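Take a look at the structure set out below.
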Amino acid sequence: MTALLLRGRTLTFLREPHSVADHDAYAYEEDGGLLIRDGRIVAAGAYDTVRGQLAEPIETIDHRPHLLLPGFIDAHVHYVQMQVIASYGAELLDWLNTYTFPEETKFRDAQHGRRIARLFLDEVIRHGTTTVAAYCSVHRQSAEAFFEESHQRNMLNIAGKVMMDRNAPDGVLDTPRSGYDETKALIADWHGRGRQLYAITPRFAITSSPAQMEMAGALAAEHPDCHVQTHLSENHAEIRWAEELYPEAADYTDIYARYGLLGKKTLLGHCIHLSEREADALSESGSVAVFCPTSNLFLGSGLFDYQRYRKRAKPLRIAAATDVGGGTNYSMLRTMDEGYKVIALNGEKLNPLASFWQLTRGNAEALSVADRVGTLEPGTDADIVVLDARATPAMRLRMETASTLAEELFLLQTLGDDRAVREVYVAGRAAKDGLPL
Ligand code: GUN
Ligand code: ZN
(Lines give C-alpha, C1' and ligand atoms only; values in the text may rest on other atoms or scores of the structure.)
(Ligands and ions follow the chains in the order given, each with its own letter.)
Protein backbone atom coordinates (compact mmCIF):
# COMPACT_ATOMS: atom_id res chain seq x y z
CA MET A 1 0.00 0.00 0.00
CA THR A 2 1.51 3.33 -1.02
CA ALA A 3 0.80 6.32 1.19
CA LEU A 4 1.68 9.97 0.85
CA LEU A 5 0.88 13.05 2.88
CA LEU A 6 0.65 16.37 1.04
CA ARG A 7 0.89 19.61 2.97
CA GLY A 8 -0.16 22.99 1.61
CA ARG A 9 -2.99 25.50 1.39
CA THR A 10 -5.90 23.27 0.44
CA LEU A 11 -8.99 24.57 -1.35
CA THR A 12 -12.00 22.57 -2.45
CA PHE A 13 -15.53 23.64 -3.36
CA LEU A 14 -18.70 22.34 -1.72
CA ARG A 15 -21.08 24.05 -4.16
CA GLU A 16 -21.13 26.98 -6.61
CA PRO A 17 -20.10 30.21 -4.83
CA HIS A 18 -22.54 33.08 -5.40
CA SER A 19 -20.05 35.84 -4.56
CA VAL A 20 -16.57 36.35 -3.17
CA ALA A 21 -18.22 36.60 0.26
CA ASP A 22 -19.86 33.18 -0.07
CA HIS A 23 -17.45 31.46 2.31
CA ASP A 24 -19.78 28.53 2.99
CA ALA A 25 -19.29 27.38 -0.61
CA TYR A 26 -15.75 26.12 -0.06
CA ALA A 27 -13.37 24.53 2.43
CA TYR A 28 -9.98 26.20 2.76
CA GLU A 29 -7.13 25.24 5.08
CA GLU A 30 -4.21 27.64 5.42
CA ASP A 31 -2.10 24.69 6.64
CA GLY A 32 -3.89 21.72 5.14
CA GLY A 33 -3.10 18.05 4.83
CA LEU A 34 -4.19 15.45 2.30
CA LEU A 35 -3.54 11.83 3.10
CA ILE A 36 -3.35 9.70 -0.03
CA ARG A 37 -3.41 5.92 -0.16
CA ASP A 38 -3.46 3.81 -3.32
CA GLY A 39 -4.37 6.76 -5.51
CA ARG A 40 -7.23 8.01 -3.35
CA ILE A 41 -7.61 10.80 -0.83
CA VAL A 42 -8.39 9.09 2.45
CA ALA A 43 -8.24 12.06 4.85
CA ALA A 44 -8.33 15.83 4.39
CA GLY A 45 -8.33 18.75 6.81
CA ALA A 46 -5.94 20.71 8.96
CA TYR A 47 -2.43 19.28 8.58
CA ASP A 48 -2.01 18.69 12.34
CA THR A 49 -5.28 16.77 12.51
CA VAL A 50 -4.53 14.60 9.48
CA ARG A 51 -0.96 14.01 10.69
CA GLY A 52 -2.22 13.18 14.17
CA GLN A 53 -4.31 10.28 12.84
CA LEU A 54 -1.23 8.48 11.52
CA ALA A 55 0.19 5.62 13.58
CA GLU A 56 3.61 6.05 12.02
CA PRO A 57 5.40 8.69 9.93
CA ILE A 58 4.95 8.50 6.14
CA GLU A 59 6.43 10.31 3.18
CA THR A 60 5.35 13.95 3.35
CA ILE A 61 5.67 16.59 0.64
CA ASP A 62 5.39 20.14 1.86
CA HIS A 63 4.01 22.42 -0.85
CA ARG A 64 3.51 25.46 1.36
CA PRO A 65 2.97 28.31 0.55
CA HIS A 66 1.34 27.00 -2.62
CA LEU A 67 -2.31 26.12 -3.13
CA LEU A 68 -3.50 22.53 -3.49
CA LEU A 69 -6.68 22.25 -5.59
CA PRO A 70 -8.42 19.42 -7.39
CA GLY A 71 -6.86 18.95 -10.84
CA PHE A 72 -8.53 21.00 -13.57
CA ILE A 73 -11.05 19.43 -15.92
CA ASP A 74 -11.29 20.29 -19.62
CA ALA A 75 -14.75 19.34 -20.90
CA HIS A 76 -14.12 19.55 -24.67
CA VAL A 77 -10.83 19.20 -26.51
CA HIS A 78 -9.62 17.64 -29.77
CA TYR A 79 -6.34 15.87 -29.07
CA VAL A 80 -5.89 15.28 -32.82
CA GLN A 81 -5.70 19.05 -33.40
CA MET A 82 -2.38 19.72 -31.64
CA GLN A 83 -0.92 20.70 -35.03
CA VAL A 84 -4.00 22.71 -36.00
CA ILE A 85 -3.81 25.14 -33.07
CA ALA A 86 -2.78 28.63 -34.28
CA SER A 87 -4.04 28.22 -37.87
CA TYR A 88 -4.77 31.60 -39.32
CA GLY A 89 -7.67 33.40 -40.88
CA ALA A 90 -10.90 31.40 -41.13
CA GLU A 91 -14.32 30.92 -39.61
CA LEU A 92 -15.54 27.48 -38.54
CA LEU A 93 -16.49 25.76 -41.82
CA ASP A 94 -13.47 27.04 -43.76
CA TRP A 95 -11.22 26.29 -40.81
CA LEU A 96 -12.47 22.69 -40.73
CA ASN A 97 -11.98 22.23 -44.48
CA THR A 98 -8.67 24.05 -44.78
CA TYR A 99 -6.83 22.88 -41.70
CA THR A 100 -8.68 20.43 -39.54
CA PHE A 101 -9.94 17.68 -41.80
CA PRO A 102 -6.62 17.38 -43.69
CA GLU A 103 -4.75 17.20 -40.37
CA GLU A 104 -7.06 14.53 -38.99
CA THR A 105 -6.45 12.28 -42.04
CA LYS A 106 -2.93 11.69 -40.61
CA PHE A 107 -4.40 9.67 -37.76
CA ARG A 108 -5.00 6.75 -40.10
CA ASP A 109 -1.39 6.04 -39.10
CA ALA A 110 -1.49 4.46 -35.63
CA GLN A 111 2.07 5.53 -34.88
CA HIS A 112 1.20 9.18 -35.48
CA GLY A 113 -1.76 8.79 -33.12
CA ARG A 114 0.44 7.32 -30.40
CA ARG A 115 2.97 10.13 -30.71
CA ILE A 116 0.36 12.87 -30.53
CA ALA A 117 -1.63 11.20 -27.74
CA ARG A 118 1.55 10.99 -25.66
CA LEU A 119 2.48 14.60 -26.28
CA PHE A 120 -1.09 15.75 -25.69
CA LEU A 121 -1.52 14.08 -22.31
CA ASP A 122 1.89 15.31 -21.16
CA GLU A 123 0.93 18.81 -22.25
CA VAL A 124 -2.44 18.93 -20.49
CA ILE A 125 -0.93 17.55 -17.27
CA ARG A 126 1.81 20.18 -17.47
CA HIS A 127 -0.98 22.77 -17.54
CA GLY A 128 -2.67 21.35 -14.43
CA THR A 129 -5.45 19.45 -16.18
CA THR A 130 -6.04 15.91 -14.96
CA THR A 131 -9.27 15.01 -16.79
CA VAL A 132 -10.39 15.81 -20.33
CA ALA A 133 -13.38 14.95 -22.53
CA ALA A 134 -11.53 14.38 -25.79
CA TYR A 135 -12.43 13.96 -29.44
CA CYS A 136 -10.25 11.54 -31.35
CA SER A 137 -10.25 11.36 -35.17
CA VAL A 138 -12.58 9.11 -37.16
CA HIS A 139 -9.97 6.35 -37.07
CA ARG A 140 -10.43 3.65 -34.46
CA GLN A 141 -6.67 3.52 -33.92
CA SER A 142 -6.63 7.18 -32.86
CA ALA A 143 -8.98 6.34 -29.99
CA GLU A 144 -6.98 3.24 -29.11
CA ALA A 145 -3.80 5.33 -28.97
CA PHE A 146 -5.47 7.89 -26.72
CA PHE A 147 -6.87 5.33 -24.31
CA GLU A 148 -3.60 3.39 -24.15
CA GLU A 149 -1.64 6.52 -23.22
CA SER A 150 -4.32 7.66 -20.79
CA HIS A 151 -4.48 4.25 -19.12
CA GLN A 152 -0.70 4.15 -18.79
CA ARG A 153 -0.83 7.48 -16.94
CA ASN A 154 -3.77 6.23 -14.86
CA MET A 155 -5.78 9.35 -15.82
CA LEU A 156 -9.55 9.57 -15.65
CA ASN A 157 -10.37 10.63 -19.19
CA ILE A 158 -13.45 10.53 -21.38
CA ALA A 159 -12.91 10.07 -25.13
CA GLY A 160 -14.40 8.75 -28.31
CA LYS A 161 -13.67 8.19 -31.97
CA VAL A 162 -15.63 10.74 -34.01
CA MET A 163 -18.38 9.38 -36.23
CA MET A 164 -18.59 11.28 -39.54
CA ASP A 165 -19.83 9.92 -42.85
CA ARG A 166 -20.36 12.94 -45.13
CA ASN A 167 -19.34 16.50 -46.04
CA ALA A 168 -15.65 15.92 -45.42
CA PRO A 169 -12.73 14.33 -47.35
CA ASP A 170 -12.76 10.55 -47.78
CA GLY A 171 -9.73 10.15 -45.50
CA VAL A 172 -11.82 11.17 -42.48
CA LEU A 173 -15.07 9.40 -43.26
CA ASP A 174 -16.57 6.22 -41.86
CA THR A 175 -20.00 4.75 -42.66
CA PRO A 176 -23.06 4.32 -40.48
CA ARG A 177 -22.20 0.62 -40.09
CA SER A 178 -18.45 0.95 -39.50
CA GLY A 179 -18.96 3.93 -37.17
CA TYR A 180 -21.38 1.84 -35.12
CA ASP A 181 -19.24 -1.31 -35.11
CA GLU A 182 -16.00 0.47 -34.25
CA THR A 183 -17.65 2.51 -31.50
CA LYS A 184 -19.15 -0.67 -30.09
CA ALA A 185 -15.75 -2.38 -30.11
CA LEU A 186 -14.04 0.59 -28.46
CA ILE A 187 -16.69 0.70 -25.74
CA ALA A 188 -16.17 -3.02 -25.10
CA ASP A 189 -12.39 -2.58 -24.94
CA TRP A 190 -12.12 0.66 -23.03
CA HIS A 191 -15.22 1.89 -21.22
CA GLY A 192 -14.66 1.25 -17.52
CA ARG A 193 -11.17 -0.20 -18.02
CA GLY A 194 -9.14 1.39 -15.24
CA ARG A 195 -10.25 5.00 -15.20
CA GLN A 196 -11.19 5.21 -18.90
CA LEU A 197 -14.68 6.31 -19.98
CA TYR A 198 -16.17 6.30 -23.46
CA ALA A 199 -18.08 9.11 -25.17
CA ILE A 200 -20.19 8.29 -28.23
CA THR A 201 -19.05 11.06 -30.57
CA PRO A 202 -21.03 11.97 -33.69
CA ARG A 203 -18.94 15.00 -34.73
CA PHE A 204 -21.93 17.23 -35.55
CA ALA A 205 -25.12 17.06 -37.60
CA ILE A 206 -23.40 18.37 -40.73
CA THR A 207 -20.94 15.48 -40.99
CA SER A 208 -23.37 12.71 -39.97
CA SER A 209 -26.10 11.47 -42.32
CA PRO A 210 -29.53 10.64 -40.88
CA ALA A 211 -28.52 6.96 -41.08
CA GLN A 212 -25.45 7.64 -38.94
CA MET A 213 -27.44 9.73 -36.47
CA GLU A 214 -29.77 6.73 -36.08
CA MET A 215 -26.74 4.59 -35.25
CA ALA A 216 -25.45 7.14 -32.75
CA GLY A 217 -28.88 7.21 -31.10
CA ALA A 218 -28.91 3.40 -30.96
CA LEU A 219 -25.45 3.40 -29.31
CA ALA A 220 -26.61 5.98 -26.75
CA ALA A 221 -29.67 3.85 -25.94
CA GLU A 222 -27.58 0.67 -25.69
CA HIS A 223 -24.92 2.32 -23.51
CA PRO A 224 -26.67 4.80 -21.18
CA ASP A 225 -23.58 4.84 -18.95
CA CYS A 226 -21.46 6.29 -21.79
CA HIS A 227 -21.31 10.00 -22.51
CA VAL A 228 -22.43 11.53 -25.80
CA GLN A 229 -20.44 14.47 -27.14
CA THR A 230 -21.02 16.64 -30.19
CA HIS A 231 -21.12 20.26 -31.39
CA LEU A 232 -24.15 22.57 -31.39
CA SER A 233 -24.89 26.14 -32.48
CA GLU A 234 -21.36 27.46 -32.87
CA ASN A 235 -21.51 29.55 -36.02
CA HIS A 236 -24.31 31.09 -38.12
CA ALA A 237 -23.32 29.39 -41.39
CA GLU A 238 -23.06 26.07 -39.57
CA ILE A 239 -26.52 26.49 -38.03
CA ARG A 240 -28.08 27.34 -41.42
CA TRP A 241 -26.49 24.33 -43.11
CA ALA A 242 -27.43 21.90 -40.31
CA GLU A 243 -31.04 23.08 -40.44
CA GLU A 244 -31.09 22.70 -44.25
CA LEU A 245 -29.78 19.15 -43.94
CA TYR A 246 -32.51 18.23 -41.43
CA PRO A 247 -35.57 20.22 -42.63
CA GLU A 248 -37.96 18.16 -40.52
CA ALA A 249 -36.29 19.34 -37.28
CA ALA A 250 -37.65 22.43 -35.50
CA ASP A 251 -34.10 23.77 -35.08
CA TYR A 252 -30.49 22.58 -34.67
CA THR A 253 -31.05 21.28 -31.11
CA ASP A 254 -34.10 19.36 -32.25
CA ILE A 255 -31.93 17.36 -34.68
CA TYR A 256 -30.10 15.79 -31.76
CA ALA A 257 -33.32 15.43 -29.76
CA ARG A 258 -34.97 13.51 -32.60
CA TYR A 259 -32.20 10.92 -32.57
CA GLY A 260 -32.30 10.48 -28.78
CA LEU A 261 -28.96 12.21 -28.29
CA LEU A 262 -29.89 14.69 -25.54
CA GLY A 263 -29.63 13.78 -21.86
CA LYS A 264 -27.68 14.17 -18.64
CA LYS A 265 -24.52 12.65 -20.11
CA THR A 266 -24.63 14.69 -23.32
CA LEU A 267 -21.92 17.33 -23.73
CA LEU A 268 -22.66 19.94 -26.40
CA GLY A 269 -19.72 22.06 -27.48
CA HIS A 270 -20.33 25.80 -27.98
CA CYS A 271 -24.16 26.40 -27.75
CA ILE A 272 -23.59 30.08 -28.53
CA HIS A 273 -26.64 31.08 -30.56
CA LEU A 274 -29.44 29.07 -28.92
CA SER A 275 -33.05 30.23 -29.12
CA GLU A 276 -35.09 30.20 -25.91
CA ARG A 277 -36.80 27.03 -27.14
CA GLU A 278 -33.46 25.34 -27.65
CA ALA A 279 -32.19 26.42 -24.24
CA ASP A 280 -35.39 25.05 -22.67
CA ALA A 281 -34.87 21.74 -24.48
CA LEU A 282 -31.30 21.49 -23.17
CA SER A 283 -32.39 22.39 -19.65
CA GLU A 284 -35.29 19.92 -19.63
CA SER A 285 -33.10 17.08 -20.86
CA GLY A 286 -30.24 17.92 -18.46
CA SER A 287 -27.80 18.23 -21.37
CA VAL A 288 -24.60 20.20 -20.79
CA ALA A 289 -23.66 23.33 -22.74
CA VAL A 290 -19.87 23.57 -23.00
CA PHE A 291 -18.35 27.05 -22.90
CA CYS A 292 -15.19 27.26 -25.08
CA PRO A 293 -14.16 30.91 -24.80
CA THR A 294 -10.75 30.93 -26.51
CA SER A 295 -12.12 28.99 -29.46
CA ASN A 296 -15.28 31.07 -29.74
CA LEU A 297 -13.16 34.22 -29.85
CA PHE A 298 -10.46 32.82 -32.14
CA LEU A 299 -12.89 31.54 -34.78
CA GLY A 300 -15.08 34.64 -34.39
CA SER A 301 -18.01 32.40 -33.48
CA GLY A 302 -19.70 34.58 -30.86
CA LEU A 303 -20.17 35.31 -27.16
CA PHE A 304 -21.55 32.49 -24.99
CA ASP A 305 -23.99 34.11 -22.56
CA TYR A 306 -22.88 32.20 -19.45
CA GLN A 307 -24.77 34.24 -16.86
CA ARG A 308 -28.02 34.34 -18.85
CA TYR A 309 -27.89 30.58 -19.27
CA ARG A 310 -27.30 30.06 -15.57
CA LYS A 311 -29.88 32.55 -14.34
CA ARG A 312 -32.80 31.76 -16.67
CA ALA A 313 -35.98 30.17 -15.25
CA LYS A 314 -34.83 26.87 -16.72
CA PRO A 315 -31.05 27.04 -16.10
CA LEU A 316 -28.52 25.19 -18.19
CA ARG A 317 -25.87 22.85 -16.89
CA ILE A 318 -22.58 24.38 -18.04
CA ALA A 319 -19.01 23.13 -18.37
CA ALA A 320 -15.89 25.02 -19.48
CA ALA A 321 -13.33 23.82 -21.99
CA THR A 322 -10.33 24.74 -24.11
CA ASP A 323 -11.55 23.27 -27.44
CA VAL A 324 -7.95 22.99 -28.63
CA GLY A 325 -7.19 23.27 -31.60
CA GLY A 326 -10.01 25.80 -32.32
CA GLY A 327 -9.11 26.94 -28.82
CA THR A 328 -5.78 28.66 -28.43
CA ASN A 329 -4.39 27.46 -25.12
CA TYR A 330 -4.14 24.22 -23.14
CA SER A 331 -4.42 26.10 -19.84
CA MET A 332 -7.74 26.18 -18.03
CA LEU A 333 -6.46 29.32 -16.27
CA ARG A 334 -6.04 31.05 -19.64
CA THR A 335 -9.43 29.66 -20.67
CA MET A 336 -11.27 31.16 -17.70
CA ASP A 337 -9.42 34.45 -18.15
CA GLU A 338 -10.85 34.69 -21.67
CA GLY A 339 -14.18 33.41 -20.32
CA TYR A 340 -14.25 36.26 -17.82
CA LYS A 341 -13.82 38.74 -20.67
CA VAL A 342 -16.55 37.13 -22.77
CA ILE A 343 -18.90 37.31 -19.79
CA ALA A 344 -17.87 40.96 -19.27
CA LEU A 345 -18.78 41.73 -22.91
CA ASN A 346 -22.24 40.37 -22.08
CA GLY A 347 -22.43 42.93 -19.25
CA GLU A 348 -21.84 40.49 -16.39
CA LYS A 349 -19.00 39.43 -14.12
CA LEU A 350 -17.89 35.98 -12.97
CA ASN A 351 -16.47 36.01 -9.46
CA PRO A 352 -13.11 34.22 -9.05
CA LEU A 353 -14.44 31.66 -6.60
CA ALA A 354 -17.11 30.68 -9.15
CA SER A 355 -14.40 30.43 -11.82
CA PHE A 356 -12.34 27.96 -9.83
CA TRP A 357 -15.50 26.06 -8.85
CA GLN A 358 -16.26 25.76 -12.56
CA LEU A 359 -12.79 24.42 -13.39
CA THR A 360 -12.98 21.76 -10.68
CA ARG A 361 -16.23 20.66 -9.06
CA GLY A 362 -18.47 22.46 -11.59
CA ASN A 363 -16.93 20.64 -14.55
CA ALA A 364 -16.90 17.37 -12.60
CA GLU A 365 -20.63 17.73 -11.92
CA ALA A 366 -21.29 18.61 -15.55
CA LEU A 367 -19.39 15.47 -16.59
CA SER A 368 -21.18 13.36 -13.93
CA VAL A 369 -17.87 12.37 -12.32
CA ALA A 370 -17.96 14.51 -9.14
CA ASP A 371 -18.00 11.38 -6.97
CA ARG A 372 -14.52 10.59 -8.32
CA VAL A 373 -12.74 13.84 -9.24
CA GLY A 374 -13.13 17.62 -8.95
CA THR A 375 -12.93 17.89 -5.15
CA LEU A 376 -10.50 17.03 -2.35
CA GLU A 377 -13.08 14.97 -0.51
CA PRO A 378 -11.98 11.72 1.14
CA GLY A 379 -12.95 8.76 -1.00
CA THR A 380 -12.24 10.55 -4.28
CA ASP A 381 -9.26 10.02 -6.57
CA ALA A 382 -6.12 11.99 -5.74
CA ASP A 383 -5.97 14.21 -8.86
CA ILE A 384 -4.43 17.42 -7.55
CA VAL A 385 -2.84 20.58 -8.93
CA VAL A 386 -0.32 22.69 -7.00
CA LEU A 387 -0.55 26.39 -7.90
CA ASP A 388 1.98 29.15 -7.29
CA ALA A 389 0.51 32.64 -7.44
CA ARG A 390 4.05 34.14 -7.41
CA ALA A 391 5.29 32.17 -10.41
CA THR A 392 6.50 35.16 -12.46
CA PRO A 393 7.95 38.57 -11.56
CA ALA A 394 4.70 40.29 -12.56
CA MET A 395 2.63 37.87 -10.47
CA ARG A 396 4.99 38.23 -7.51
CA LEU A 397 4.70 42.01 -7.64
CA ARG A 398 0.93 41.97 -7.94
CA MET A 399 0.67 39.48 -5.05
CA GLU A 400 2.26 42.13 -2.79
CA THR A 401 -1.08 43.94 -2.89
CA ALA A 402 -3.42 40.93 -2.81
CA SER A 403 -4.82 40.21 0.62
CA THR A 404 -7.66 37.72 0.12
CA LEU A 405 -7.95 34.23 -1.29
CA ALA A 406 -10.37 35.51 -3.96
CA GLU A 407 -7.81 38.12 -5.08
CA GLU A 408 -5.11 35.48 -5.28
CA LEU A 409 -7.33 33.22 -7.38
CA PHE A 410 -8.26 36.06 -9.71
CA LEU A 411 -4.60 36.90 -10.15
CA LEU A 412 -3.83 33.27 -10.95
CA GLN A 413 -6.60 33.28 -13.55
CA THR A 414 -5.66 36.62 -15.07
CA LEU A 415 -1.85 36.31 -15.13
CA GLY A 416 -1.31 32.58 -14.69
CA ASP A 417 -0.59 29.77 -17.12
CA ASP A 418 1.56 26.61 -17.04
CA ARG A 419 4.26 28.54 -15.19
CA ALA A 420 1.94 28.73 -12.17
CA VAL A 421 1.58 24.93 -12.07
CA ARG A 422 4.25 23.64 -9.67
CA GLU A 423 3.16 20.00 -9.54
CA VAL A 424 0.33 17.78 -10.63
CA TYR A 425 -0.73 14.51 -9.00
CA VAL A 426 -2.60 11.94 -11.06
CA ALA A 427 -4.15 9.22 -8.88
CA GLY A 428 -1.70 10.18 -6.15
CA ARG A 429 1.43 10.12 -8.29
CA ALA A 430 3.52 13.18 -9.17
CA ALA A 431 3.05 13.48 -12.94
CA LYS A 432 4.15 16.91 -14.10
CA ASP A 433 7.49 15.72 -15.42
CA GLY A 434 6.03 12.87 -17.44
CA LEU A 435 5.82 9.14 -16.96
CA PRO A 436 8.59 7.52 -14.92
CA LEU A 437 10.83 5.42 -17.17
N1 GUN B 1 -17.60 21.51 -35.26
C2 GUN B 1 -17.39 20.30 -35.82
N3 GUN B 1 -16.12 19.90 -35.67
C4 GUN B 1 -15.50 20.87 -34.98
C5 GUN B 1 -14.17 21.03 -34.51
O6 GUN B 1 -13.28 20.19 -34.70
N7 GUN B 1 -13.90 22.18 -33.83
C8 GUN B 1 -14.87 23.12 -33.59
N9 GUN B 1 -14.54 24.22 -32.92
N10 GUN B 1 -16.11 23.00 -34.04
C11 GUN B 1 -16.43 21.88 -34.72
ZN1 ZN C 1 -14.84 20.95 -30.71
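The values are calculated or read from the model by the stated rules, or taken from the named source; none is laboratory data. Because the structure is a prediction, the values reported are computed rather than measured. Backbone-built Cβ (ideal geometry, glycine too); neighbour counts: all protein chains shown. Note: areas computed on protein heavy atoms with side chains; ligands, DNA, RNA excluded. Shrake-Rupley method; radii C 1.70, N 1.55, O 1.52, S 1.80 Å.
Could you give the spread of the C-alpha atoms of the range 222-315 along their three principal axes, from largest to smallest, in whole angstroms?
The principal-axis extents, from largest down, are 37, 30, 24 Å.
Using heavy-atom solvent-accessible surface (probe 1.4 Å) with all chains present, what is the largest-first order of 74, 418?
So the residues, ranked largest to smallest area, are 418, 74.
Leaving out ligands and nucleic acids, and using a 1.4 Å probe, what accessible area per residue does the range 134-268 come to in Å²?
Spelled out: the 1.4 Å probe surface of the range 134-268, per residue, equals 32 Å².
Label-point separation (nm) for residue 188 and residue 109, each offset 7 Å from Cα along Cα-to-Cβ?
For residue 188 paired with residue 109, the spin-label model returns 3.0 nm.
In nm, to one decimal, how far is the residue 58 label point from the residue 218 one, both placed 7 Å along Cα→Cβ?
4.9 nm
Assign unit charges at the C-beta atoms only (+1 for Lys and Arg, -1 for Asp and Glu), then state the dipole size of the chain relative to its Cα centre in Debye, rounded to the nearest 20.
For the chain, the charge dipole is close to 500 debye.
Using a 1.4 Å probe on the protein chains only, how many percent of the accessible area of the chain belongs to carbon and sulfur?
50 percent
What fraction of the DSSP beta bridges in the chain is antiparallel, stated in percent and rounded to the nearest 5?
45 percent
Given labels modelled 7 Å from the Cα in the Cβ direction, how far is it in nm from residue 14 to residue 407?
Reported label-point gap for residue 14 and residue 407 is 2.5 nm.
Not counting ligands, DNA or RNA, and with a 1.4 Å probe, what is residue 6's accessible surface area in Å² rounded to the nearest 10?
Using a 1.4 Å probe on the heavy atoms, I get roughly 0 Å².
With all protein chains present and a 1.4 Å probe, how do 177, 140, 166 order by accessible area, largest first?
So the residues, ranked largest to smallest area, are 177, 140, 166.
When the Cα centres of the range 272-291 and the range 164-233 are compared, how far apart do they sit, in Å?
The distance from the Cα centre of the range 272-291 to that of the range 164-233 comes to 21 Å.
Suppose a student asked you for the relative contact order of the chain, using Cα pairs under 8 Å spaced at least 6 residues apart; what percent would you report?
20 percent
Using 0.36 nm per residue of separation minus the Cα-Cα distance, give me the extension gain between residue 430 and residue 90 in nm, one decimal.
Stretched out fully, the residue 430 to residue 90 stretch lengthens by 118.4 nm.
Going from most exposed to least, what order do 349, 341, 432 have by accessible area with a 1.4 Å probe?
Solvent-accessible surface, decreasing: 349, 341, 432.
Return the tail of the calculated pair distribution for the range 201-250, meaning the percent of Cα-Cα pairs more than 11 Å apart.
The proportion of pairs with Cα distances above 11 Å equals 70 percent.
If we restrict to alpha carbons, what Rg and Dmax does the chain come to, in Å?
Answer for the chain, Rg first and Dmax second: 21.0, 69 Å.
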